[in-house]
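The values are calculated or read from the model by the stated rules, or taken from the named source; none is laboratory data. Model, not experiment: these values are computed from the prediction. Cβ coordinates were reconstructed from backbone atoms using ideal geometry, including for glycine residues, and neighbour counts include every protein chain displayed. Note: areas computed on protein heavy atoms with side chains; ligands, DNA, RNA excluded. Shrake-Rupley method; radii C 1.70, N 1.55, O 1.52, S 1.80 Å.
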Number of protein chains: 2
Amino acid sequence: MNPLAVALGDPAGIGPEIVAKAWAARAARNLAPFFAVGDARSIGAVWDGPTIRISQPEDAATHFADALPVIEVEDAGEIVPGKPNMPGARCSLDSLELAAGLARSGAAGGLVTGPVSKAQLYSVGFVHPGQTEFVAERCGVGADNVAMMLAGPTLRTVPVTTHVALRDVPELLTIELILSKIRTTERGLVRNFGIAHPRLALAGLNPHAGEQGALGREEIEIIAPAVELARAEGIDIVGPLPADTMFHARARARYDAAICLYHDQALIPLKALHFDEGVNLTLGLPIVRTAPDHGTAFEIAGKNVADPGAMIAAIELAALCAANRARS
Amino acid sequence: MNPLAVALGDPAGIGPEIVAKAWAARAARNLAPFFAVGDARSIGAVWDGPTIRISQPEDAATHFADALPVIEVEDAGEIVPGKPNMPGARCSLDSLELAAGLARSGAAGGLVTGPVSKAQLYSVGFVHPGQTEFVAERCGVGADNVAMMLAGPTLRTVPVTTHVALRDVPELLTIELILSKIRTTERGLVRNFGIAHPRLALAGLNPHAGEQGALGREEIEIIAPAVELARAEGIDIVGPLPADTMFHARARARYDAAICLYHDQALIPLKALHFDEGVNLTLGLPIVRTAPDHGTAFEIAGKNVADPGAMIAAIELAALCAANRARS
């Protein structure tokens, strides 16, 4: 497997610090070789370990034991941890684009993206809802055909709708959309996790999954029909299940991924159980792409207190998925 | 403290079994004296331990060490575990009414309610959404002035709306309703848990608590104003917080109760973390009322596999709340 490309994210956020700390844990965690993509000064501003500038991904493996390899992008302007600015936002976007391109070409074995500030990105003309949609476009895949999986040690969830107001969720749910996410999730579990016959569970929208229509009709009219169609395609899926009773330990043992209908339905259980190790994995792409499931945390940037757990988990999962894909 | 009244719930459900198992654990768990209210035959059908019929709650303490005290209600007809019928539903309703009355009069120190089948209760003319509303009415308290708290060892949540379709939630949320639940929760923590200065956290409705309006306006127009009014009354409350990042261990340590806006927002984290020990506690009543946070589980009734953990936790919490109230 070729080294992984790790975009540093916003140079004023905690991205540079947690990537450096992940490299420092390379032996303890037996991490596969990776290289950072971004402005090396953003690492130097928060960490005094060794870095080495490389120009080709393949050089990362040679140096990985001794220094954190960095593929340099443009000057990010003045870098002050915790103080984002427009040059930094542009740098984070260029880093993302370069790292994604290296993964798309195969020169990098996969893509890990550090946290960016959407508000900052919008100020420099970014038009996508997030990094996921940007990467999908660069890979030539429509946003409807990718799915966001949140993965922790004992739970994987996939939200059908993501960053929309809760009141808009019921109208956005269609049989076609749910079925599309079911298919993407099933294929994603086969390709990335090497699970030959994935078991899926689908949440209901309403309390108690609607209680046979007494507490809402979406289960009857939209969700159950999507499950029927998926089963007819041979997909092993149960649901709609009452969302509140599907995330305890015994329930989680019954499926490989839970498909949820809205952002918080997927994110609440994942972060309640696995806050410091949640990984965002994009399914449906020709490349492996993961990210730590947290933000830039500008308020603690530069204080050497950021927990690299989720970044390490994102690097580990990217390596695992890349290895599983190579085998299949 | 007077003995607790424990209504057995539906005689064909797991209620009789878990109440009997709770009594069997009285020494190991150092449980305060309680007595069952229902048809003693429903216990005999699933358990071969000793029961003793009593006619006054005060007799329970005398016999509690040696046998499970039972205050008998009407004949439940034919009792077959797992097979609910109308006489059984009537019996569960009579048991609830008698147990609630004993708590209301003070003869019982508090009320614990076993699981009932709403579908069965509706078939015998029950008109309330659930046992909570029935008990509130019997106590002369309007349903809007009580709140349902779900309590586990490391988390307490209170949903502002409960058994309604998700699409109806945004319209049901008003500043007044949220403020009412905040007040009831704060007073409930003082009275029942002996917390002098409760710390509350209020969830947002939308992803990331609306991202300053980009993902929904309810936080700005309804939720934040309710928080402002509560603070003006001296209540220690923060929010609206992004719901997905408020339930991990470090976040939970910052508040005594999380107020949530809809059923699954409150129940998903509670049951993900504390499935076998979740207790439903009704706040705002003149009496203590708790219940195990699960249903009748007809499918496992009579098989001696039901876990009494939540019933034991409900009995323990009722005793704790009654003691705290007696002290204040």
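Within region A:284-291, is even one residue open to solvent by 10 Å² or more (accessible area, probe 1.4 Å) and either closer than 17 Å to A:Pro198 by Cα or out of contact with any strand residue (DSSP E or B) (no Cβ under 7 Å at 6 or more places or on another chain) (or both)?
yes
From the list A:Ala224, A:Ala243, A:Ala249, A:Ala203, which residue is open to solvent by 10 Å² or more (accessible area, probe 1.4 Å), modelled with pLDDT of 95 or more and within 14 Å of another protein chain (Cβ to nearest Cβ)? Show your work before the answer.
Numbers: A:Ala224 fails: within 14 Å of another protein chain (Cβ to nearest Cβ); A:Ala243 fails: open to solvent by 10 Å² or more (accessible area, probe 1.4 Å); A:Ala203 fails: open to solvent by 10 Å² or more (accessible area, probe 1.4 Å).
Being open to solvent by 10 Å² or more (accessible area, probe 1.4 Å), modelled with pLDDT of 95 or more and within 14 Å of another protein chain (Cβ to nearest Cβ) holds for just one of A:Ala224, A:Ala243, A:Ala249, A:Ala203, which is A:Ala249.
Yes or no: A:Arg231 open to solvent by 60 Å² or more (accessible area, probe 1.4 Å), in contact with a Gly (Cβ under 8 Å, 6 or more places away or on another chain), over 23 Å from A:Asp293 (Cβ atoms) and of a type outside the set (Phe, Trp, Tyr)? Explain how you work it out, then say what you get.
Details: open to solvent by 60 Å² or more (accessible area, probe 1.4 Å): yes; in contact with a Gly (Cβ under 8 Å, 6 or more places away or on another chain): no; over 23 Å from A:Asp293 (Cβ atoms): yes; of a type outside the set (Phe, Trp, Tyr): yes.
Spelling it out, it is not the case that A:Arg231 is open to solvent by 60 Å² or more (accessible area, probe 1.4 Å), in contact with a Gly (Cβ under 8 Å, 6 or more places away or on another chain), over 23 Å from A:Asp293 (Cβ atoms) and of a type outside the set (Phe, Trp, Tyr).
For region A:264-281, name all the residues that are open to solvent by 10 Å² or more (accessible area, probe 1.4 Å), more than 21 Å from B:Asp293 (Cβ to Cβ), at the interface with chain B (Cβ under 9 Å from one of its Cβ atoms) and not acidic (Asp, Glu).
A:Lys271, A:His274, A:Phe275, listed by residue number.
Condition first: of a type in the set (Phe, Trp, Tyr) and out of contact with any Leu (no Cβ under 8 Å at 6 or more places or on another chain). Now tell me which residues in region B:76-127 satisfy that.
Let us first name the residues in region B:76-127 that are of a type in the set (Phe, Trp, Tyr), namely B:122, B:126.
B:Tyr122, the sole residue that qualifies.
Being in contact with a strand residue (DSSP E or B) (Cβ under 7 Å, 6 or more places away or on another chain), more than 10 Å from every other protein chain (Cβ to nearest Cβ), assigned to a helix (DSSP H, G or I) and closer than 23 Å to B:Ala272 by Cβ, is that true of even one residue in region A:189-199?
For region A:189-199, residues in contact with a strand residue (DSSP E or B) (Cβ under 7 Å, 6 or more places away or on another chain), more than 10 Å from every other protein chain (Cβ to nearest Cβ), assigned to a helix (DSSP H, G or I) and closer than 23 Å to B:Ala272 by Cβ: present.
Filter the helices (runs of 4 or more DSSP H) completely within region B:1-102 down to those with at least 3 residues that are in contact with a helix residue (DSSP H, G or I) (Cβ under 9 Å, 6 or more places away or on another chain) and modelled with pLDDT of 95 or more.
Numbers: elements: B:15-24, B:40-44, B:58-63.
Qualifying helices (runs of 4 or more DSSP H): B:15-24, B:40-44.
So which residues in region A:308-328 are closer than 22 Å to A:Gly88 by Cβ and open to solvent by 20 Å² or more (accessible area, probe 1.4 Å), if there are any at all?
Pass one, region A:308-328, residues closer than 22 Å to A:Gly88 by Cβ: A:308, A:310-311, A:314.
Listed by number, the list holds a single entry, A:Pro308.
The rows are residues; the columns are (1) within 11 Å of chain A (Cβ to nearest Cβ); (2) of a type in the set (A, V, I, L, M); (3) over 23 Å from B:Ala251 (Cβ atoms); (4) open to solvent by 20 Å² or more (accessible area, probe 1.4 Å).
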| site | (1), (2), (3), (4) |
| --- | --- |
| B:Arg138 | no, no, yes, yes |
| B:Gly142 | no, no, yes, yes |
| B:Asn145 | no, no, yes, yes |
| B:Met148 | no, yes, no, yes |
| B:Pro153 | no, no, no, yes |
| B:Thr161 | yes, no, no, no |
| B:Arg167 | yes, no, yes, yes |
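Given the conditions (1) within 14 Å of chain A (Cβ to nearest Cβ); (2) closer than 21 Å to B:Val288 by Cα, which single one is not true for B:Ala257?
Just one mismatch for B:Ala257, condition (1).
Considering only region B:200-212, how many residues are part of a helix (DSSP H, G or I) and touching a Cys at 6+ places or on another chain (Cβ under 9 Å)?
Of all residues in region B:200-212, those part of a helix (DSSP H, G or I) come to B:207-210.
Add one more test, that the residue is touching a Cys at 6+ places or on another chain (Cβ under 9 Å), and what stays is none.
Total satisfying the criteria: 0.
Determine the pairs where a residue that is touching a residue at least 60 places away in the same chain (Cβ under 8 Å), located within region B:90-119, has a partner that is assigned to a helix (DSSP H, G or I) and of a type in the set (Phe, Trp, Tyr) with Cβ atoms under 8 Å apart, the partner being 6 or more residues away or on another chain.
Note: pairs meeting the criteria are B:Leu96/B:Phe134; B:Ala100/B:Phe134; B:Ser117/B:Phe298.
Here are the criteria: (1) more than 14 Å from chain A (Cβ to nearest Cβ); (2) surrounded by fewer than 24 Cβ atoms within 10 Å (Cβ to Cβ). Tell me which single one B:Ile300 does not satisfy.
(1)
Taking region A:169-182 as the search range and keeping residues that are under 15 Å from A:Gly239 (Cα atoms) and free of Cβ contacts under 8 Å to residues at least 60 places away in the same chain, which one is surrounded by the most Cβ atoms within 10 Å (Cβ to Cβ)?
If we take residues in region A:169-182 being under 15 Å from A:Gly239 (Cα atoms) and free of Cβ contacts under 8 Å to residues at least 60 places away in the same chain, then A:Leu179 is surrounded by the most Cβ atoms within 10 Å (Cβ to Cβ).
Looking at the structure I just gave you, is B:Asp244 under 19 Å from B:Ile14 (Cα atoms), charged (D, E, K, R) and in contact with a helix residue (DSSP H, G or I) (Cβ under 9 Å, 6 or more places away or on another chain)?
Numbers: under 19 Å from B:Ile14 (Cα atoms): no; charged (D, E, K, R): yes; in contact with a helix residue (DSSP H, G or I) (Cβ under 9 Å, 6 or more places away or on another chain): yes.
Considered against the rule, which asks whether it is under 19 Å from B:Ile14 (Cα atoms), charged (D, E, K, R) and in contact with a helix residue (DSSP H, G or I) (Cβ under 9 Å, 6 or more places away or on another chain), B:Asp244 comes out as no.
Exactly one condition in (1) open to solvent by 50 Å² or more (accessible area, probe 1.4 Å); (2) under 30 Å from A:Thr161 (Cβ atoms) is not met by B:Thr157; state its number.
(1)
When A:Asn30 is evaluated against the numbered criteria (1) open to solvent by 60 Å² or more (accessible area, probe 1.4 Å); (2) at negative phi, which criterion, by number, is the only one it fails?
Only one criterion in (1) open to solvent by 60 Å² or more (accessible area, probe 1.4 Å); (2) at negative phi is unmet by A:Asn30, namely (2).
Could you count how many residues in region A:104-133 are under 27 Å from A:Arg191 (Cα atoms) and either open to solvent by less than 10 Å² (accessible area, probe 1.4 Å) or within 13 Å of the chain's Cα centre (by Cα) (or both)? Even if it seems obvious, please write down each step before you answer.
The first filter runs over region A:104-133 and keeps only residues under 27 Å from A:Arg191 (Cα atoms), leaving A:104-115, A:128-133.
After this cut, where a residue has to be either open to solvent by less than 10 Å² (accessible area, probe 1.4 Å) or within 13 Å of the chain's Cα centre (by Cα) (or both) as well, the list is A:108, A:110-115, A:130-133.
Adding up the residues that qualify gives 11.
Identify, by number, the condition in (1) surrounded by fewer than 24 Cβ atoms within 10 Å (Cβ to Cβ); (2) more than 26 Å from B:Pro286 (Cα to Cα); (3) over 24 Å from the mean Cα position of the chain (by Cα) that B:Asp59 doesn't meet.
Every condition holds for B:Asp59 apart from (2).
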